[in-house]
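The block underneath contains the structure these notes are about, expressed in structure tokens.
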Protein chains: 2
Amino acid sequence: MTTKAKPARQIEPGTYEAYMHDCPAVALLSTISNRWVSLTMCTLGSYGDAMRYSHISREIPGVSQKMLTQTLRMLERDGMVKRTATPTVPVRVDYELTPLGQGLYGLLSQVRDWAADKTDEVDEARAHYDTRKTDQ
Amino acid sequence: MTTKAKPARQIEPGTYEAYMHDCPAVALLSTISNRWVSLTMCTLGSYGDAMRYSHISREIPGVSQKMLTQTLRMLERDGMVKRTATPTVPVRVDYELTPLGQGLYGLLSQVRDWAADKTDEVDEARAHYDTRKTDQ
DNA sequence: CTGTATCCCAAAAGATACTG
DNA sequence: CAGTATCTTTTGGGATACAG
């Protein structure tokens with residue numbers, strides 16, 4: 001039936017293959033690996049306290065109201081963010097990281113710091129790449 | 001990144017505000033915070049050696065050749081990945097992480113492991129959220 | 001103030017075909 | 001094998017209006 005030498009691939013637990021084919025984990029990683037998600041998590045996490053909607057909005061460069069609301073909803077649904085609405089007039093809504101969200105923030109903040117630290121190095125690599133491509 | 005003119009706010013260095021308004025770093029963080037970027041980096045990093053194009057392609061669930069090529073190009077340009085073409089027939093191309101890329105992988109792998117570990121907890125949070133929203 | 005609801009466009013991504 | 005080129009579809013995301 002098959003002409004392939006290896007019809008069924010065995011994936012050993014704990015190997016690199018185990019990660020990539022663990023679809024639920026890949027799906028969650030894909031969800032986290034999103035521009036507005038990481039910026040929102042970093043904003044809430046680095047402030048370290050509950051923030052009002054308008055405050056978050058001001059702190060994230062270029063985010064639209066639609067995307068911020070959408071992202072906060074998703075993070076709330078995933079249990080990363082706790083939303084607290086105070087029924088004053090006008091209404092006041094605060095967002096803060098849950099313990100789960102704080103755990104993720106601990107990792108994302110390292111990525112953020114890495115990015116800040118390596119910005120120059122990456123810029124140089126880009127300039128070098130573009131120069132080579134233009135020259136030849 | 002920001003198109004609007006910002007009022008001259010005073011931002012103390014080292015504060016949480018310093019991070020979010022350091023636009024080059026935010027831009028780089030936004031670039032990294034991408035589904036195919038993180039999956040590609042995790043695949044290359046966890047394999048720990050050079051991988052052929054077709055090998056990478058097989059290891060990333062659902063990636064199209066267009067997106068994989070585009071992502072690898074971007075990572076190469078940013079200095080994260082080294083591309084080596086061997087002019088055999090047919091051609092053989094290998095990709096591997098640079099030291100810069102390995103540094104980032106060290107952080108992304110932790111995010112990946114976190115995602116694998118917290119998948120169940122996130123699923124529960126989603127189920128709880130959806131139940132509450134349906135009931136009321 | 002904090003949203004929700006539309007409309008709409010641009011960009012991202014998938015599918016397919018073709019090539020060195 | 002490892003792409004490139006082109007086309008189509010889908011999604012992301014901005015603008016606007018409006019409501020609790």
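Quick rundown of the values:
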{"quantity": "Close pairs from region B:33-50: first more than 7 Å from chain A (Cβ to nearest Cβ) and open to solvent by 30 Å² or more (accessible area, probe 1.4 Å), partner away from DNA strand D (no atom under 14 Å from the Cβ) and charged (D, E, K, R), Cβ under 7 Å, at least 6 apart", "calculated": "none"}
{"quantity": "Given (1) modelled with pLDDT under 95; (2) within 12 Å of chain A (Cβ to nearest Cβ), index of the condition B:MET74 fails", "calculated": "(1)"}
{"quantity": "Unique match (being open to solvent by 50 Å² or more (accessible area, probe 1.4 Å) and at pLDDT below 95) among B:TYR19, B:TYR53", "calculated": "B:TYR19"}
{"quantity": "Hits in region A:60-86 (condition: more than 11 Å from DNA strand C (Cβ to nearest atom) and open to solvent by 50 Å² or more (accessible area, probe 1.4 Å))", "calculated": "A:GLY62, A:MET74, A:ARG77, A:LYS82"}
{"quantity": "Filtered residues of region A:85-105 (kept if assigned to a helix (DSSP H, G or I) and in contact with a helix residue (DSSP H, G or I) (Cβ under 8 Å, 6 or more places away or on another chain))", "calculated": "A:LEU100, A:GLY101, A:GLN102, A:GLY103, A:LEU104, A:TYR105"}
{"quantity": "Residues of region A:35-54 that turn out to be within 16 Å of DNA strand D (Cβ to nearest atom) and more than 24 Å from B:LEU108 (Cβ to Cβ), as a count", "calculated": "3"}
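Per-residue answers, yes or no, for (1) small (Gly, Ala, Ser); (2) more than 10 Å from chain A (Cβ to nearest Cβ); (3) surrounded by 14 or more Cβ atoms within 10 Å (Cβ to Cβ):
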{"position": "B:THR88", "(1), (2), (3)": "no, yes, no"}
{"position": "B:VAL91", "(1), (2), (3)": "no, yes, no"}
{"position": "B:ASP94", "(1), (2), (3)": "no, yes, yes"}
{"position": "B:THR98", "(1), (2), (3)": "no, no, yes"}
{"position": "B:TYR105", "(1), (2), (3)": "no, yes, yes"}
{"position": "B:LEU108", "(1), (2), (3)": "no, no, yes"}
{"position": "B:ASP117", "(1), (2), (3)": "no, no, no"}
{"position": "B:ASP130", "(1), (2), (3)": "no, no, no"}
{"position": "B:LYS133", "(1), (2), (3)": "no, no, no"}
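Condition check ((1) touching a residue at least 12 places away in the same chain (Cβ under 8 Å); (2) under 15 Å from the mean Cα position of the chain (by Cα); (3) within 22 Å of B:ALA127 (Cβ to Cβ)) across all residues:
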residue: A:ILE60; (1), (2), (3): yes, yes, no
residue: A:GLY79; (1), (2), (3): yes, yes, yes
residue: A:VAL89; (1), (2), (3): no, no, no
residue: A:THR98; (1), (2), (3): yes, no, yes
residue: A:LEU104; (1), (2), (3): yes, yes, yes
residue: A:ASP113; (1), (2), (3): no, yes, no
residue: A:ASP117; (1), (2), (3): no, no, no
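The values are calculated or read from the model by the stated rules, or taken from the named source; none is laboratory data. Note that this is a predicted model, so its numbers are computed, not measured. Cβ: placed from backbone, ideal geometry, glycine included. Neighbour counts: every protein chain shown. To get the accessible areas, we keep the full protein, side chains included, count just its heavy atoms, and leave off ligands, DNA and RNA. Shrake-Rupley method; radii C 1.70, N 1.55, O 1.52, S 1.80 Å.
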